[in-house]
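Report on the structure given below.
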Amino acid sequence: MFLRTHTLFVLLSAYSVGSTASDINWVDNSVKWLKSSLPDSTQLEFQKNRFKGIGCLHEEYELTFTQPLHSDWDIEFSVSQAKGELNWGMYSQKVRTERFGVMPTYSLTDSVKLGIGYIYQSAPDFRSMQGEDTQLAASRHWVIKTEMPGFQNDHTMNVSVVSSSWNAQNSAGNWMERGAVDTKLMLTYEVKF
């Protein structure tokens with residue numbers, strides 16, 4: 001088990017360093033290999049989302065590892081990267097950010113789960129053709145999440161409280177540069193088709 005866990009962290013580290021097309025294929029193949037060597041109780045998912053339009057490109061990759069610790073406890077680790085690019089002549093720009101999260105989850109009943117987690121998102125790397133140096137802030141998010149059954153068997157309802165904070169970079173700047181805290185209550189309802 002130690003070797004598999006160690007391999008996962010090497011994979012997560014390699015993934016977070018770069019994600020060119022060949023890197024993504026390498027990660028995809030590594031995830032398939034790792035899934036085949038992990039116990040059935042362990043879940044490993046690699047999601048890729050990509051949108052391309054005229055003059056714009058958005059890519060997002062997320063690797064999630066969920067491991068049961070006990071009959072009532074699970075722990076989930078995730079690492080993700082998002083990149084965006086606009087190609088509009090002198091207004092062209094690129095942005096890139098990475099995110100890491102951990103969430104232990106306790107099963108209150110067979111169908112109700114409670115999780116408390118932490119998510120760190122790096123300061124976005126923003127580049128513009130105009131040479132402007134825009135310093136965006138890193139963020140930290142504390143999450144309390146409850147998952148429960150919906151009104152039908154294939155429905156799920158999630159209630160989350162998320163407190164987000166941004167690191168202060170400049171006491172004279174805008175709210176993001178000074179630092180801020182945002183707390184919100186979210187309700188999501190999922191239907192599986």
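The residues on offer are 67, 81, 47, and the sole one that is surrounded by fewer than 17 Cβ atoms within 10 Å (Cβ to Cβ) and either at pLDDT 80 or above or more than 24 Å from residue 136 (Cα to Cα) (or both) is 47.
I'm trying to understand the selection: among the residues of segment 98-114, which are over 21 Å from residue 79 (Cβ atoms) and outside any loop (DSSP other than H, G, I, E, B)? Don't jump to the end; show me each part of the working.
Going residue by residue through segment 98-114, those that are over 21 Å from residue 79 (Cβ atoms) are 106-114.
Passing the criteria: 106, 107, 113, 114.
Of the residues making up segment 84-93, those that are part of a strand (DSSP E or B) and more than 18 Å from residue 138 (Cβ to Cβ) are 85, 86, 93.
Scanning segment 115-142 for residues that are outside any loop (DSSP other than H, G, I, E, B), among the polar types (S, T, N, Q) and within 22 Å of residue 103 (Cβ to Cβ) gives 121, 139.
With respect to (1) under 28 Å from residue 95 (Cβ atoms); (2) surrounded by 15 or more Cβ atoms within 10 Å (Cβ to Cβ); (3) touching a Phe, Trp or Tyr at 6+ places or on another chain (Cβ under 8 Å); (4) not basic (Lys, Arg), the lone exception for residue 42 is condition (1).
Looking at 47, 67, 121, just one residue is more than 15 Å from the chain's Cα centre (by Cα) and either closer than 30 Å to residue 153 by Cβ or in contact (Cβ under 8 Å) with a residue 12 or more places away in the chain (or both), and that residue is 67.
Just for segment 25-36: of the residues that are closer than 27 Å to residue 117 by Cα and in contact with a helix residue (DSSP H, G or I) (Cβ under 9 Å, 6 or more places away or on another chain), which one is modelled with the lowest pLDDT?
First, pick out the residues of segment 25-36 that are closer than 27 Å to residue 117 by Cα: 27-28, 30-32, 34-35.
Now narrow it down to the ones that are in contact with a helix residue (DSSP H, G or I) (Cβ under 9 Å, 6 or more places away or on another chain): 27, 30-31, 34.
Details: 27: 72, 30: 79, 31: 78, 34: 79.
Top of the filtered list is 27.
Take residue 32 and tell me if it is part of a strand (DSSP E or B) and either farther than 25 Å from residue 167 by Cβ or of a type outside the set (Gly, Ala, Ser) (or both). Spell out how you get there, then give the answer.
Details: part of a strand (DSSP E or B): no; either farther than 25 Å from residue 167 by Cβ or of a type outside the set (Gly, Ala, Ser) (or both): yes.
Considered against the rule, which asks whether it is part of a strand (DSSP E or B) and either farther than 25 Å from residue 167 by Cβ or of a type outside the set (Gly, Ala, Ser) (or both), residue 32 comes out as no.
The values are calculated or read from the model by the stated rules, or taken from the named source; none is laboratory data. All figures in this text were calculated on a predicted structure; none of them were measured in a lab. Neighbour counts are summed over all protein chains in view; Cβ atoms, including those assigned to glycine, are modelled from backbone coordinates with ideal geometry.
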